[in-house]
Number of protein chains: 2
Amino acid sequence: MADIVHRIGVIAPLDDVYRAITTTDDLAAWWTRDTKSQDDTLLFRFGDVGGFDMQVKEADPAGRVRWLVTDGPEEWIGTDVNWRLEQRDQYTIVLFSHEGWREPVEFMYHCSTKWAVFLLSLKELVETGQGRPAPDDLQISDWH
Amino acid sequence: MADIVHRIGVIAPLDDVYRAITTTDDLAAWWTRDTKSQDDTLLFRFGDVGGFDMQVKEADPAGRVRWLVTDGPEEWIGTDVNWRLEQRDQYTIVLFSHEGWREPVEFMYHCSTKWAVFLLSLKELVETGQGRPAPDDLQISDWH
């Protein structure tokens, strides 16, 4: 098993960051514009290349969110996306992990860098009101 | 053991990317301006917060570079930084890994995101001639 981990600090109250990872309007403003929800599942789509279904397994406003990937690329299915938020002075610290990859395949390398790019988009959204969601996200390689 | 992994694609010949990770002038232009070499070791410094000594264990112009961390933060010592370069059409694909962390501590989360930021600085340097090395690197949190 292999995990992707990241840490950013957002200059904003914890509640604002919590909202950015739990409401479809905010998720659409930093990850992908095509974000919907259906029952307990978030549906993230990226045009022709597909997307991810994430079942919300935990959403605690104290700062804990967990999604289980129920559909998407084969390598993602069954993996877990975890968010831990902690307020420290003027920062909300975001500890992010995408856990349970069966193998550290090249696609995982790509997703790790891409998560960093989207987390910085989240930071920008909360701090400035303007994120950079797909399809206008920063292209990092031939895999976009 | 835990590893950081990343993937970027640089629109440039492999030789240009190889040079960017093997010459002190180029390393200073995307990672930290205070980069020197001494015998077989690269010395990266970040002002008051310290830095890293990396012994070059492998440097193969075909696209394989490996550094062993011999001095720096306790969590880094003994870890390995690996670079694999592959030319694919107009891209040089960079598969990066920082391997052998004893525990996935919060500092590792930070370093993972920070590596992504610096890899994008490397990409910019090679593609445009202008990177964003420390101390002018993008600040991602209270830990810089």
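Values quoted throughout were computed directly from the atomic coordinates according to the rules given, and no laboratory measurement underlies them. The model shown is predicted, which means the values in this text are computed figures rather than measured ones. Because the Cβ atoms are built from the backbone with ideal geometry, glycine has one as well, and the counts that use them run over all protein chains shown.
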Screening B:GLU103, B:GLU99 for residues that are surrounded by fewer than 23 Cβ atoms within 10 Å (Cβ to Cβ), within 16 Å of the chain's Cα centre (by Cα), over 14 Å from B:PHE46 (Cβ atoms) and among the acidic types (Asp, Glu) leaves only B:GLU99
Filter pass, B:PHE44 being more than 17 Å from B:LEU14 (Cβ to Cβ) and either away from chain A (no Cβ under 11 Å) or touching a strand residue (DSSP E or B) at 6+ places or on another chain (Cβ under 6 Å) (or both): yes
Within the range A:32-63, residues being surrounded by 14 or more Cβ atoms within 10 Å (Cβ to Cβ) and within 17 Å of A:LEU95 (Cα to Cα) number 2
Would you mention how many residues in the range A:80-128 are of a type in the set (Ser, Thr, Tyr), within 21 Å of A:VAL49 (Cβ to Cβ) and in contact with an Asp or Glu (Cβ under 9 Å, 6 or more places away or on another chain)? 1
What about A:TRP83, is it more than 14 Å from chain B (Cβ to nearest Cβ), surrounded by 14 or more Cβ atoms within 10 Å (Cβ to Cβ) and in a strand (DSSP E or B)? no
Restricting the range B:1-34 to residues that are touching a Pro at 6+ places or on another chain (Cβ under 8 Å) and of a type outside the set (A, V, I, L, M), which is nearest to A:THR113 (Cα to Cα)? B:ASP3
Starting from residues that are in contact with a Gly (Cβ under 9 Å, 6 or more places away or on another chain) and not in a helix (DSSP H, G or I), keep the ones in the range A:1-31 and report whichever is surrounded by the most Cβ atoms within 10 Å (Cβ to Cβ). A:TRP31
Mind counting the residues in the range B:10-26 that are closer than 24 Å to B:GLN90 by Cβ and under 14 Å from the mean Cα position of the chain (by Cα)? 8
In the range A:86-96, anything of a type in the set (Ser, Thr, Tyr) and facing another protein chain (nearest Cβ under 7 Å) is listed as A:TYR91
Looking only at the range B:97-131, filter to residues that are closer than 15 Å to B:VAL10 by Cβ and part of a loop (DSSP other than H, G, I, E, B); which one of those is farthest from the other protein chains (Cβ to nearest Cβ)? B:GLY129
With (1) touching a Pro at 6+ places or on another chain (Cβ under 9 Å); (2) surrounded by fewer than 20 Cβ atoms within 10 Å (Cβ to Cβ); (3) free of Cβ contacts under 8 Å to residues at least 24 places away in the same chain as the list, and B:GLY78 as the residue in question, which single condition is left unmet? (1)
